[in-house]
Each structure stands twice: as C-alpha cells, then as structure tokens.
Amino acid sequence: MRNYWDDAAERNAMFYVDTSLDYDHPDQEKFRVGGARIAAIAVDQCPVALPGHELAVEIGSGLGRVCSALAERFEHVVGVDISAAMVRRARELVDASAVEFRVGDGVTLPGLADSSADLVVTFTVFQHAPTRRMIRANIQEAARILRPGGVLAMQWNATPGVLRWRAHRIRMAVLGRLGRADRHGRDAAQFLGSRVPQAAMDRMLGDSGLRRVGLVEPGTLFTWAWAQKAI
C-alpha cells in the first residue's frame, strides 16, 4: 500500500486523492472546495453533539485538504497517512499552525493518546483497503483515541457483491500482468480495495466499542456512517 500511494503522490498526487479531477489539468480550487465539503459532511451532518472541538484526527489525510478545513473548526488537527510522500507534500501545502501530519503504518495511529480526540474522520480510505483486517484495525484505533462521546465519521464502499468484487480484483490483476491495465493504475488491487456490507461494518464498530448513530447513502460506494463511543 505504501509503495502504491508513494508512487501516486509522485506521479499526480492531487488526482489520486480525488480522481474526479482531470488527470492532466487538475483544478486546485475544486480540490480545495472538495476538502471543505467533506469536513462539513463529517461535522455538520453528525447526528449527535461532539464532546468538544479540541482535537480532530484524519485517517488517510493525503494532501491535507480535509485537515485544512477541519482546522477552522478544531483547535488541533492531526492527519495520518501511510504514504511518506503524501505527508511531505501535505506539509508543504498546508501552513495552518493547528495542523500536523504524521506517517502511519496503515493500521495504527501513532503518538495519539487514548481518549484524546473529539472526532476521527476518514474519506476514500477504507474503500481502498485491501483487507477487512486493515479496516477493522483502523476502526479499533479510532475507538481507542476517541474520548467518551467522541465520533468516528467514515466513508466506505458498502455496495453489494463482495465475492464478485474479489473476483474482479483478480481479473484486473491478470489484465495488468498482460499489459492491459488502466494507464492511471486505478484497477490495481491497492486502489480497488474492499467492499464491506453494512451488517459486517456494524459488527466491526460494535466489537470496537462504537455505536452507529447515523447513516447516509447505504449500499453505495460513498456510504457515510457516524459511530459514537459510549459516554
């Protein structure tokens, strides 16, 4: 995963963070506005009150556009990303003193204390995770650092057909070896990631001590859920 996203950051970081952009001419303003929209969804559509606005953490912070927007709402924001190249670029692009970026290992949130965060956000990250084990580990870490009443706001791929999706990934890997892959690498296993049905996601949340309190666009690529840690 790190190698894939490091390479993506070097080739065209903005596009790989937001593939709705034009590859050859990515619109920087559209990119920035997209980050503000994601932060607004995470905070403004949250169906329960956050315990505070001291610390927000983003899992998979990319170039820091969401962290930058969250800094307008929280005293301190930490972005964690598996790609050192993405973190390096984010530090160059985001100059807000309230924001810091850290390189993670894809399954833990380094240096963040237990029960310290009011909000954990993740967008277009779980959908790229190659295994449920990785998603589960991130949810457990989010639960660990959330303070009582804190919220995990997350997006993932909840479309049906888990087995078909696995078969599709295998087929795309074969085509890649035959030189018939997408020229931007969007059919690589590290990009295609995993599908997780709603029931399975609810079990992951419950097993981690979180309770789902909100859901938007269920059963889609861009399913959003909010899960709260017990008060």
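The values are calculated or read from the model by the stated rules, or taken from the named source; none is laboratory data. Given the structure is predicted, the values throughout are model-derived calculations rather than measurements. Note that we place each Cβ from the backbone using ideal geometry, even for glycine, and neighbour counts take in every protein chain shown.
Say whether the condition of being in contact with a Lys or Arg (Cβ under 7 Å, 6 or more places away or on another chain), surrounded by fewer than 15 Cβ atoms within 10 Å (Cβ to Cβ) and either over 18 Å from residue 190 (Cα atoms) or not charged (D, E, K, R) (or both) is met by at least one residue in region 70-92.
No: region 70-92 contains no residue that is in contact with a Lys or Arg (Cβ under 7 Å, 6 or more places away or on another chain), surrounded by fewer than 15 Cβ atoms within 10 Å (Cβ to Cβ) and either over 18 Å from residue 190 (Cα atoms) or not charged (D, E, K, R) (or both).
I want to confirm something. Restricting to region 14-36 and keeping residues that are in a helix (DSSP H, G or I) and among the aromatic types (Phe, Trp, Tyr), which single residue is farthest from residue 125 (Cα to Cα)?
31
Could you pull out the residue among 124, 223 that is modelled with pLDDT of 95 or more and on the phi > 0 side of the Ramachandran plot?
None of the other options fit; the residue is 124.
Which of (1) of a type outside the set (S, T, N, Q); (2) under 19 Å from residue 129 (Cβ atoms); (3) loosely packed, with under 15 Cβ neighbours inside 10 Å is the odd one out, the single condition residue 211 does not satisfy?
(2)
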